[in-house]
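The values are calculated or read from the model by the stated rules, or taken from the named source; none is laboratory data. Everything quoted here is computed from the prediction, not taken from an experiment. For neighbour counting, all protein chains shown are included, and Cβ atoms are generated from backbone atoms with ideal geometry for every residue, glycine included. Please note that ligands, DNA and RNA were not included when accessible areas were found on the heavy atoms of the full protein model with its side chains. Shrake-Rupley method; radii C 1.70, N 1.55, O 1.52, S 1.80 Å.
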Amino acid sequence: MKKSLLVRVFSIAAGIALLAGPAVPAHASKPVATDILQPVLAAGAPGALLERRDGPRVRTAAAGVADLATGRPARPADRYRIGSNTKTMTAVVVLQLAAQRKLALDAPVDRWLPGLLPDHRITVRHLLQHTSGLHQDQRLWKTVDDVVDGRFRQYAPEELVRAALTNPAPMPPPGTTFEYSNTNYVVLGMLVEKITGNSIGAELRDRIFRPLGLADTYFADGTAYLAGRHLNGYVPLEPGKPLVDFTVYNPSWAWSAGAVVSTVDDQARFLRGLITGRLLPRRWVAQMMDVRGHGYGLGLMPVSVPCVPGGLVWGHNGMVLGYGSVVFSTPDGRTQVAGAETLSHDPNLHAVGVLTDVAKSAFCG
């Protein structure tokens, strides 16, 4: 494989790195025609999932295969890596700590993590809204051997931050420029651990997964294998060649910015719980939806869907090696749509873009 293609693949991965509770009763969940997902398969994804939740009414769709090697069909309950949808969960934990007055959003991060960042003016809010000036981490994998060997490597959060600080691009002053960067949410994970004395995985579990009954969601840091029935993920490392199975790898390089594993049902349940105030008081949820001219709030982003009241839905998207995912909710929390597909880093990121369009159309169907 040409080095230039590999560099492109992993530089994109670093830049975008986009829960099952009690089973839904059979009478409450109905399958929808898989035709809605055919555009995602046509874009090259081996498998795709979609769920629309309207209160107790749940409709699901699955298309394609979960495993190209065996031909096992994709099923709505399959787990997958949610990538940057992890960021919304990390943001919730940080805002819960703020609501408990254990941190202040406009206080400098240096108060809790002295000396970690080069600009002492960077605040918690800057990290949440990607306006800190911190760049993306430099490429951690540069050759084919690095990819193979690095699949099982455990990266320390401090290592990821140091790598980001080697980026030669000048840092803009905090609060002046929006730049989507995993580094912001890695630092937020470190902040959570410093303040609570617990791992970010434990905080996500105790503050989000358990309260919402998301028993099939977990933070996958430190393990390369997905638990239970899951979708396999694929990457087109060489044009015209068969897809490479990239299911097995340690996502510690994404950590609190992208290491959660979930299902479409649990992603919808999570976002419903957040928007309706089960995880945060409404005034804090409103802060998450304050985009402040950057098009990105505090772990949530708006997406235009003209058919819904107000014309916007809120949520996030994610892409991590092998997977693309989306989850959105109407502002009143009444309707959620979650989706997943199993191809990442295809030319122009086409598959995850098509999935986003399909999810948007599901609000109108």
Of the conditions (1) on the phi > 0 side of the Ramachandran plot; (2) open to solvent by 20 Å² or more (accessible area, probe 1.4 Å), Val303 satisfies every one except a single condition; which number is it?
(1)
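Just give me the residues in region 185-224 being part of a helix (DSSP H, G or I) and over 17 Å from Gln96 (Cα atoms), in sequence order.
Scanning region 185-224 gives a single hit, Val186.
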Only unsatisfied item for Ser325, checking (1) touching a helix residue (DSSP H, G or I) at 6+ places or on another chain (Cβ under 8 Å); (2) at pLDDT 95 or above; (3) part of a loop (DSSP other than H, G, I, E, B), is (3)
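Any idea how many residues of region 245-283 are small (Gly, Ala, Ser) and either in a helix (DSSP H, G or I) or open to solvent by 10 Å² or more (accessible area, probe 1.4 Å) (or both)? Can you show your working first?
Of the residues in region 245-283, the ones small (Gly, Ala, Ser) are 252, 254, 256-259, 262, 268, 273, 277.
Keeping just the survivors that are either in a helix (DSSP H, G or I) or open to solvent by 10 Å² or more (accessible area, probe 1.4 Å) (or both) gives 252, 256-257, 268, 273, 277.
So the count comes out to 6.
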Taking Gly297 as meeting all but one of (1) open to solvent by less than 10 Å² (accessible area, probe 1.4 Å); (2) over 29 Å from Thr123 (Cβ atoms); (3) assigned to a loop (DSSP other than H, G, I, E, B), write down the number of the exception.
(2)
So if I check each of Ala45, Ala17, which one is surrounded by 20 or more Cβ atoms within 10 Å (Cβ to Cβ) and modelled with pLDDT under 70?
Ala17
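Of the residues Tyr218, Tyr225, which single one is modelled with pLDDT of 95 or more and open to solvent by 60 Å² or more (accessible area, probe 1.4 Å)?
Numbers: Tyr218 fails: open to solvent by 60 Å² or more (accessible area, probe 1.4 Å).
From the options Tyr218, Tyr225, the qualifying one is Tyr225.
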